[in-house]
Amino acid sequence: MTKTNSGRFFEDYTLGQVIQHAVPRTVSGGERALYHALYPARHALHSSDTFAQSCGLPASPMDDLITFHTVFGKTVPDVSLNAVANLGYAEGRFLAPVYPGDTLTSRSEVIGIKQNSNGKSGVVYVRTTGTNQHGTDVLSYVRWVMVRKGDLNAPAPETVIPDLGKVVAVDDLVIPEGLNFSDYDFGLAGEPHRWGDYQVGEIIDHVDGVTIEEAEHMLATRLWQNTAKVHFDATNREDGKRLIYGGHVISMARALSFNGLANAQMIVGLNGGAHANPCFSGDTIRAWTEVLDRADTDAPGVGALRLRLVATKGKAGPLKGEDGKYAPDVLLDLDYWALIPQ
Amino acid sequence: MTKTNSGRFFEDYTLGQVIQHAVPRTVSGGERALYHALYPARHALHSSDTFAQSCGLPASPMDDLITFHTVFGKTVPDVSLNAVANLGYAEGRFLAPVYPGDTLTSRSEVIGIKQNSNGKSGVVYVRTTGTNQHGTDVLSYVRWVMVRKGDLNAPAPETVIPDLGKVVAVDDLVIPEGLNFSDYDFGLAGEPHRWGDYQVGEIIDHVDGVTIEEAEHMLATRLWQNTAKVHFDATNREDGKRLIYGGHVISMARALSFNGLANAQMIVGLNGGAHANPCFSGDTIRAWTEVLDRADTDAPGVGALRLRLVATKGKAGPLKGEDGKYAPDVLLDLDYWALIPQ
Amino acid sequence: MTKTNSGRFFEDYTLGQVIQHAVPRTVSGGERALYHALYPARHALHSSDTFAQSCGLPASPMDDLITFHTVFGKTVPDVSLNAVANLGYAEGRFLAPVYPGDTLTSRSEVIGIKQNSNGKSGVVYVRTTGTNQHGTDVLSYVRWVMVRKGDLNAPAPETVIPDLGKVVAVDDLVIPEGLNFSDYDFGLAGEPHRWGDYQVGEIIDHVDGVTIEEAEHMLATRLWQNTAKVHFDATNREDGKRLIYGGHVISMARALSFNGLANAQMIVGLNGGAHANPCFSGDTIRAWTEVLDRADTDAPGVGALRLRLVATKGKAGPLKGEDGKYAPDVLLDLDYWALIPQ
């Protein structure tokens, strides 16, 4: 019997199945420093203990996307090793900040399943939850992937498609305990724009571009213990290219969005997301944001913005073509909630 | 109104103006580890808690250039986003060591201003100060940059050129509290040469060379939250090259200088510096040092050396041509004070 | 007199000579995070404080190979700066775990010496010991290198070849104090295979491959303060290639071996090793393991496996040719003891 993990195939998933993912991970100032080296991340709350403390937190939490990548990375050997495509995200909620010294684990529940009509693959929906060493959940999100069948003769399961919200309701967003933007220092944060300055429909071009190198995206992807071989093995594709982990594009775009959204400090909800086209080394990533919605919260001085973050690999053009498909230069279309001072 | 930062133009600076730079930064063992991965840094005081403690310090301080880059990086969005050239440094003094856990902020005061005769740009002199979370200043230095005018019709300001010292006076150097080289372990430090072994005029060829990769200089420059797009965006120049942050060359040359100056443990003064020519990926950096001066200090066993550190991208040749200009292979000409056991 | 280190030549070594290597190093969560970014390391004991605590340790120790590289790196300026070849390892024992905050030093004793018949070089055997800030030895190993003579007229020393064990005896392996695999969580570790599931002679193909970039191996090699110029200076060889530090291949192969050996948590013995062929940027590293032996230990639930870890740069083929030499695709042949739950 082989001892190596060949990953789950479509027929290995059943509705209600719960998978405890392996390799808990303790994060430290090391992961934070690497995050700052890999992305032009400048949001002050994730950069400075003193700034975070002035906002009511005990210390500077790890970037929310460090939490996302760490939790996500653990699911790869169980969920997406035989995945054909990462189809979407929904109902993502950041439930508690993660601090240096915390240890994260991940588990996933299969909440939907549907064999494709070709009989060769199917779609699996999982709700993944990240938990810290105190048993507190820190993140929950749904993603669905297309997975190959290993045994084409395996019977098709009964189709169950979960009823997923198109957007996380404002009342379901979890504001970190103690967060208070009443004494927020806009000068130290880097921009004067507050919640009320953003209008629904407003588009912000984040201006800057970053050209991606092989070494960087591999460092990043390994850091999250994401083992998908397409990211690391240049012999894996006929064209010799290594596919860049979609999360690398998310973090790059989010970091670029500092320029125009410096005060959108924390991500609290992930409404949806699509990796529209693959990204490769040598691509220059740019980003723009559309303000989709605004909401009040109960926390002092804290408002929420619903933002569409789009990453492109060329100059920004139309998002979609006449056929309704993403334009070839679009890499990412992400819909999230962020907290910003009022 | 655009929400993104287009940077200050020449006419946006006024004499006496004080700019509080954004994004305070807490540093940790992560930044230190990355520094060791990015540069061949081996000075024992910055590598080992026990060595630093044997020299009277509470723990190993962050490399002095981590402090410099962190403080400098914060100034970029306010001072050099529209800079044509980084012209020089003067009166740099390291005022207190920085330790893991410290949070740094930067502010700059405009101390000089002069419009160029072409009316299209001007020179701005700023004195930048870095401060830790206790309100203690950790670094102060002057730099001057050439900045484009945004509005060519803006009136020229009255010219004020600050009277800058050519060298930081020995009495103005700040020796870290408690520093004591009386029981200095030359074996653990790596070389036997002490203060008295260096002669004014002596030249030390540091022998080793390091070939630079794109991924490395971008990791380094992002780590200091330096956002100048020329370092990251391959589409920014017609030749597709990314200009390497001058500070990357400073750190590389300083680290290479371990070989011959292993005991020049701490940088305490920055007398001047010029980025003589641009550096690009693929260049192989070498370094040599000329001993410019020697001085005694009040701290037990602690002497100071004034050193000229020159980085080249080929084999060392003459520093300047017959026209008085730097030879094309010279990247850096840095004049600094370092502390060394007597 | 030159102040730079030209390294020792063959005639500079004498039997019994003890060399205290320079530059003690304090490690932190930063080195650990970089290790995870550089290698696909996933062994749970080195990834998670909570997992390590469930195994009886106070916290997650640094990866054993971080200890090896840190101790090894310090020896380079004294032992292998003029080395022609790194010939072998023997009698390696990990004596105590290393934790964030620990400071490591290295010393070596010359235990064997033999001039080559050509009179131009010789072989030097050193036993290197790494020690932490409490004076506790953390690692001991023998390596032998071929070193050039500086003065061809220097007389040949009396030949002494140490009597080195071909394998570290099980009784000589040091099990970390408190280590207990009685309550080992195979689910969190990532695989169900325990000590009894591995058979002597069994071969495990670790499946995955990683293509190496220049920036990565240089970051890694610098991180261990290994200064050998062949790794960094593209002008050093006529073909413009930078030779990759053999330890980079060791760590890459060991990390790849997670897939099939996820429970072989700790390396405790290094029986031997050969860097069979040089590795260069662009090579895609794969790995396979042969189970060489199994042994019981006194620690609760803890067994030991003797493993041969082979790294190749192409698809796995025969290890050696008909001439008894390593096949050209073989990079590494490492023989080590690992601890695994029974």
(message) Ordered shortest first, which distances in nm separate the 7 Å Cα→C-beta label point of A:G16 from those of the other copies?
(response) 7.7, 7.8
(request) About the Cα centre of the protein assembly as shown, how large is the charge dipole given +1 on each Lys and Arg Cβ and -1 on each Asp and Glu Cβ? Please answer in debye to the nearest 20. (result) 1660 debye
(message) What do you get for the angle between helix C:214-223 and the principal long axis of chain C? Use alpha-carbon atoms, 0 to 90 degrees, nearest ten.
(response) 90 degrees
(message) Explain nothing, just the number: relative contact order of chain A, from Cα pairs under 8 Å at least 6 residues apart, as a whole percent.
(response) 20 percent
(message) Along the charge dipole of the protein assembly as shown, pointing to its positive end and built from +1/-1 on Cβ of Lys, Arg, Asp and Glu, which listed residue (B:A262, C:V207, B:I111) has its Cα farthest out?
(response) C:V207
(request) Could you tell me how many degrees, from 0 to 90 and to the nearest 10, lie between the Cα long axis of helix A:246-256 and the main elongation axis, the longest principal axis, of the Cα atoms of chain A? (result) 10 degrees
(message) Defining the label point at 7 Å along Cα→Cβ, can you sort the distances from A:G165 to the same site in each other copy, shortest first, in nm?
(response) 6.2, 6.2
(message) Counting only other chains, and only Cβ atoms inside 10 Å, what mean value do you get across the residues of C:216-224?
(response) 6
(request) Pairs to check: A:K241/C:K313; B:K114/B:K149; A:K3/C:K320; C:K114/C:K149; B:K313/C:K229. Give those whose C-alpha atoms are more than 19 Å from each other in this structure. (result) A:K3/C:K320
(request) Enter the angle in degrees (range 0 to 90, nearest 10) between the Cα long axis of helix B:64-75 and the first principal axis of the Cα atoms of chain B, meaning the one along which they spread out most. (result) 10 degrees
(request) Please state the charge dipole magnitude for segment C:199-342, taken about the Cα centre, from unit charges on C-beta atoms (+1 on K and R, -1 on D and E), reported in debye and rounded to the nearest 20. (result) 220 debye
(message) Using the alpha carbons of chain A, what is the convex hull volume per residue in cubic angstrom, as a whole number?
(response) 144 Å³
(request) Using a/c under 1.5 as the rounded threshold, could you call the protein assembly as shown rounded, prolate or oblate? The axes a ≥ b ≥ c are square roots of the C-alpha gyration tensor eigenvalues, and prolate needs a/b larger than b/c, oblate otherwise. (result) oblate
(request) Determine the shielding of peptide C:183-191 by partner chains: average, over its residues, the number of Cβ atoms on other chains within 10 angstrom of each Cβ. (result) 3
(message) Once R0 is set to 45 Å, what does the formula 1/(1 + (r/R0)^6) return for the Cβ-Cβ distance between B:T2 and C:T136, expressed as a FRET efficiency to the nearest 0.05?
(response) 0.15
(request) Show that you can apply the helix-only estimate: for chain C, add -39,500 (n - 2.57) for every DSSP H stretch of four or more residues, divide by all residues, and state [θ] at 222 nm to the nearest 500. (result) -4500 deg cm²/dmol
(message) If each label sits 7 angstrom from Cα along the C-beta direction, how far apart, in nm, is A:G317 from its counterparts in the other copies?
(response) 4.5, 4.6
(request) Can you tell me which of B:331-342, B:191-202, B:83-94, B:113-124 comes out highest on packing, and rank the rest after it, using the mean Cβ neighbours within 10 Å? (result) B:331-342, B:83-94, B:113-124, B:191-202
(request) Please name which of C:G29, C:V124, C:A83 has its Cα lying farthest along the dipole of segment C:10-341 towards the positive end, using unit charges on Cβ (Lys, Arg +1; Asp, Glu -1) and the Cα centre as origin. (result) C:A83
(message) Averaged across C:38-44, how many Cβ atoms of other chains sit within 10 Å of each residue's Cβ atom?
(response) 5
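Taken together, the values in this text are just the output of simple stated rules run on the coordinates, not laboratory data. Remember, predicted model here, so these are calculated numbers, not experimental data. So basically every Cβ, Gly included, is an ideal-geometry build from the backbone, and we count neighbours across all protein chains shown.
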